[in-house]
1. Restricting to the stretch 198-215, count the residues that are within 16 Å of the chain's Cα centre (by Cα) and without any contact (Cβ under 8 Å) to a residue 60 or more places away in the chain.
2. Of everything in the stretch 225-284 that's over 20 Å from H193 (Cα atoms) and of a type in the set (F, W, Y), which residue is nearest to the chain's Cα centre (by Cα)?
3. Take the residues of the stretch 174-204 that are assigned to a loop (DSSP other than H, G, I, E, B) and touching a Ser or Thr at 6+ places or on another chain (Cβ under 6 Å): which is nearest to L14 (Cα to Cα)?
4. Search the stretch 16-27 for residues that are over 22 Å from V127 (Cβ atoms) and pair each with any residue that is part of a loop (DSSP other than H, G, I, E, B) and among the acidic types (D, E) when their beta-carbon atoms are under 8 Å apart and the residues are at least 6 apart or on different chains.
5. For A91, which of the numbered conditions (1) in contact with a strand residue (DSSP E or B) (Cβ under 7 Å, 6 or more places away or on another chain); (2) under 18 Å from Y52 (Cα atoms); (3) aliphatic (A, V, I, L, M) fails to hold?
6. Against the condition modelled with pLDDT of 95 or more, touching a strand residue (DSSP E or B) at 6+ places or on another chain (Cβ under 9 Å) and assigned to a loop (DSSP other than H, G, I, E, B), how does P20 come out, does it pass?
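The values are calculated or read from the model by the stated rules, or taken from the named source; none is laboratory data. Keep in mind the model is a prediction, meaning the values are calculated, not measured. Heads up, the Cβs are rebuilt from the backbone with ideal geometry, glycines too, and the neighbour counts pull from every protein chain shown.
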Amino acid sequence: MSTLVAYSQKEMALYDMEVPNSKAFSMDYVQTTDDNGITRVTGVTNPTLIAYFPPKDVVNTGKAVIICPGGGYAILAISHEGLDVAKLLAAKGISAFVLKYRLPKDEIMVDKRIGPLQDAQRAIQLVRERASEWGIAENQIGIAGFSAGGHLAATLSTHYSDALIANPQHTSLRPDFSLLVYPVISLQTQLTHGGSRTNLLGSNPSTDDVTLFSNELQVTADTPPAFLVHAEDDQAVPIANSEAYVAALQRHGIAVKLLTYPEGGHGFGLNNKTTTDKWFDHFLDWLSNH
């Protein structure tokens, strides 16, 4: 475990023992930062959680959010879609956990379709089982995701009942709420982000797999409430993804809010530069009422 005192940051191994669904394969972990200060990660074989807890001078709300950075299931945009969000949540009294999850690759996984979902399930299991230790309410643990990370967050929100990890304590793997920012929701051809679909399911996925991982088709009456953010001019992940998920939640009477912006494109993280409006403030207001 490593600790960065400046940000009250703790990084911990996701699994206590062997990583499930893994192959013995040497892959180089790579972390790079570009001229814009955006840090990207590849080559994760031993997934971790990076925890940010509320500072001592901030009232702890008891809420927690697990954050899944995006990157098309090819990289993790871990800074502006992960660490920056976690710091802001902690400053507002919400414990935050950035999930450094495995990216789907045949070289490191027996079944790459389920690798990221296993890590997301383990993340919520770990946080829920240690909730009292960390000052978190067990029924106030949500999942957040950006772009392909939004697909992972939505997949956990709709596939939590099928445990793909060991769960001897029968801990609930269901998020209590979800935050989905310009998310890939569907893997159907007319809606999806092609790179995310190919990286997760391969170049010629079966109809059954496409249906299974198209999360707008997997919503039930028990799917958690959701707050979504999307720009109408997003050319990478069409806003129709968010609209399809909202429609599915509404059909089942589940609380949902979709915040849209006329412009902003894709990948803006916390800051849509085309507006002074901050979606994060709207999310906090929504969360306080749900």
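1. 1
2. Only one residue tops the list, namely F227.
3. P175
4. Once the first residue is over 22 Å from V127 (Cβ atoms) and sits in the stretch 16-27, its partners that are part of a loop (DSSP other than H, G, I, E, B) and among the acidic types (D, E) give K23/E107; F25/E107; M27/E107.
5. (1)
6. No: the conditions fail for P20.
Let's see how each residue does on (1) in contact with a Ser or Thr (Cβ under 8 Å, 6 or more places away or on another chain); (2) among the aliphatic types (A, V, I, L, M); (3) part of a loop (DSSP other than H, G, I, E, B); (4) farther than 27 Å from S79 by Cβ:
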{"site": "T211", "(1), (2), (3), (4)": "no, no, no, yes"}
{"site": "A221", "(1), (2), (3), (4)": "no, yes, yes, yes"}
{"site": "F227", "(1), (2), (3), (4)": "yes, no, no, no"}
{"site": "D233", "(1), (2), (3), (4)": "no, no, yes, no"}
{"site": "P238", "(1), (2), (3), (4)": "no, no, yes, no"}
{"site": "Q250", "(1), (2), (3), (4)": "no, no, no, yes"}
{"site": "G264", "(1), (2), (3), (4)": "yes, no, yes, no"}
{"site": "L287", "(1), (2), (3), (4)": "no, yes, no, no"}
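Conditions (1) of a type in the set (V, I, T); (2) surrounded by fewer than 18 Cβ atoms within 10 Å (Cβ to Cβ); (3) under 28 Å from K92 (Cβ atoms); (4) out of contact with any Phe, Trp or Tyr (no Cβ under 9 Å at 6 or more places or on another chain), marked per residue:
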residue: T207; (1), (2), (3), (4): yes, yes, no, yes
residue: S214; (1), (2), (3), (4): no, no, no, yes
residue: A221; (1), (2), (3), (4): no, yes, no, yes
residue: P224; (1), (2), (3), (4): no, no, yes, no
residue: S242; (1), (2), (3), (4): no, no, yes, no
residue: G253; (1), (2), (3), (4): no, yes, no, yes
residue: V256; (1), (2), (3), (4): yes, no, yes, no
residue: D277; (1), (2), (3), (4): no, yes, yes, no
